[in-house]
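Trainee: What follows is a single structure, and I will ask about it in a moment.
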Amino acid sequence: MVNLTMAMGTADRGETCFSIEPLIPEEASKHRSDLNDLAMELSSASRELAVALPEAIRAPLSCLVRSMECHYSNVIEGHDTHPIDVERALRQDFSADPVKRDLQIEAVSHIEVQKWLDEGELELDPLAPDALREIHLRFCQGLPEDMLVQTDHKGELVRTVPGEFRSGFVQIGKHIPPSPGAVPRLLDHMHRMYGMQGKVGSVLAVACAHHRLVWVHPFADMNGRVSRMVASAMLKDLVKSEGLWSASRGLARNADEYRARLAAADDERAGGADGRGALSEARLAEFARFFLNCCIDQVSFMAQLVRPAELRDRVMAWAAAEEARGTVLKGSDRVLRAILMEGELDRGAIPEMLGVSDRQARKVTSNLLDLEALSSDGPRSPLRMHFPATLASAWMPNLLPDR
């Protein structure tokens, strides 16, 4: 008979911390050397990407990547809202279709939380139990009510309470997560142990913690998205990702393998040579290797995409094509080139640069602002680059899916 106790009204089977071990392949493990190499490669590549881009490009690019992160994380869950529709929703331009509107609302909520994380507003360590609850609360509190209600493995309707750990038992495929009463102590154990890792181990811990957090399944729903937000926040702190690349894009592009390796890492230990915990160290190592490789691939992809000379050539080609169509005015290419080179441009310098009147210069810049090719804090503030989803196919090919 299962020993079932009640802790403050929550069912608890008494699972110990051993049930979630190993949290990370130990230093003496045969898997650790190559995983450390991957962690160091990711850290180096991510930092190099951030250093290579000027702040004037990093900031607007991170806004586009945030929309991309949201899109791909939701695609993994079967919710496909294109970043162009997400940007419309951010301007309060919602679809008349109720289903599409709900997905837009979900995406806006996701982006608002991601922005909050990217800007360093989370005061706690991302893996702290209270941090998990706050992330979940911020994401779920703005969702339509019908998105908070799902059917459980018994066919019963269960409502997800924003910011609250689940109070019932769940089953995800073949995996039966720990009893609800065990969730807080397992999360406390994860937070404590992952916080004890060294510089390289902390990067490896991002991958391992991603699986273990999904394995615990702390919330009634939204665990996948919350766990990917947590991974994003950890990567920002540890490898200075600065919102310039998206782990979720790599995972979504390999979604079948992602799900398969997550499920495989649920396996119990396969004998004495498979680590020292209740779960398989080998399967955890395989998942971590997959996760880190996906991240490295995305850093490499973005590094190639934003090479200054090549990015400038694509923007100039777009400007020439749009001028030929009559979409932008003559001189737009020179304005864009100057901003790409200098980072920003004072409006007062444009008439002389283009050899036109103040009025004509305002027409050129107003047109580019309307197209969202440029942004500015105010009517007299300097002009900066903007990277809207509507122009991504021309400026950054293959970054976003076709509509």
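Trainee: Within region 303-323, is there a residue that is basic (Lys, Arg), within 20 Å of residue 63 (Cβ to Cβ) and assigned to a helix (DSSP H, G or I)?
Mentor: Yes, some residue in region 303-323 is basic (Lys, Arg), within 20 Å of residue 63 (Cβ to Cβ) and assigned to a helix (DSSP H, G or I).
Trainee: Now for a separate question. Among 42, 64, 49, which is buried (at least 19 other Cβ atoms within 10 Å of the Cβ) and in contact with a Cys (Cβ under 7 Å, 6 or more places away or on another chain)?
Mentor: 42
Trainee: Got a sec? Which of 183, 206 is part of a helix (DSSP H, G or I), free of Cβ contacts under 8 Å to residues at least 40 places away in the same chain and either crowded, with 19+ Cβ neighbours inside 10 Å or within 22 Å of the chain's Cα centre (by Cα) (or both)?
Mentor: 183
Trainee: With the condition kept exactly as written, say whether any residue in region 54-74 is part of a loop (DSSP other than H, G, I, E, B), under 30 Å from residue 391 (Cα atoms), assigned by TED's automatic domain parsing to the domain that holds residue 221 and not basic (Lys, Arg).
Mentor: For region 54-74, residues part of a loop (DSSP other than H, G, I, E, B), under 30 Å from residue 391 (Cα atoms), assigned by TED's automatic domain parsing to the domain that holds residue 221 and not basic (Lys, Arg): present.
Trainee: A further question on this structure: Would region 28-36 turn up any residue that is at pLDDT below 95, hydrophobic (A, V, I, L, M, F, W, C), surrounded by fewer than 18 Cβ atoms within 10 Å (Cβ to Cβ) and not in a helix (DSSP H, G or I)?
Mentor: Yes: region 28-36 contains one or more residues that are at pLDDT below 95, hydrophobic (A, V, I, L, M, F, W, C), surrounded by fewer than 18 Cβ atoms within 10 Å (Cβ to Cβ) and not in a helix (DSSP H, G or I).
Trainee: Let me ask something additional. Inside region 298-322, can you point out the residues that are buried (at least 17 other Cβ atoms within 10 Å of the Cβ), under 21 Å from residue 242 (Cα atoms) and not small (Gly, Ala, Ser)?
Mentor: 298, 299, 301, 302, 305, 306, 311
Trainee: Do we have residue 226 as assigned to a helix (DSSP H, G or I), closer than 22 Å to residue 77 by Cα, among the β-branched types (Val, Ile, Thr) and touching a Phe, Trp or Tyr at 6+ places or on another chain (Cβ under 7 Å) here?
Mentor: The answer is yes for residue 226.
Trainee: List the pairs whose first member sits in region 381-403 and is of a type in the set (Val, Ile, Thr), whose second member is at pLDDT below 95, and whose Cβ atoms are under 7 Å apart, counting only residues at least 6 apart or on separate chains?
Mentor: Taking only residues 6 or more apart or on different chains, the pairs are 390/84.
The values are calculated or read from the model by the stated rules, or taken from the named source; none is laboratory data. Just so it is clear, the model here is predicted, and its values are computed rather than measured. Positions of Cβ are generated from backbone atoms using ideal geometry, with glycine treated the same way; all protein chains shown enter the neighbour counts.
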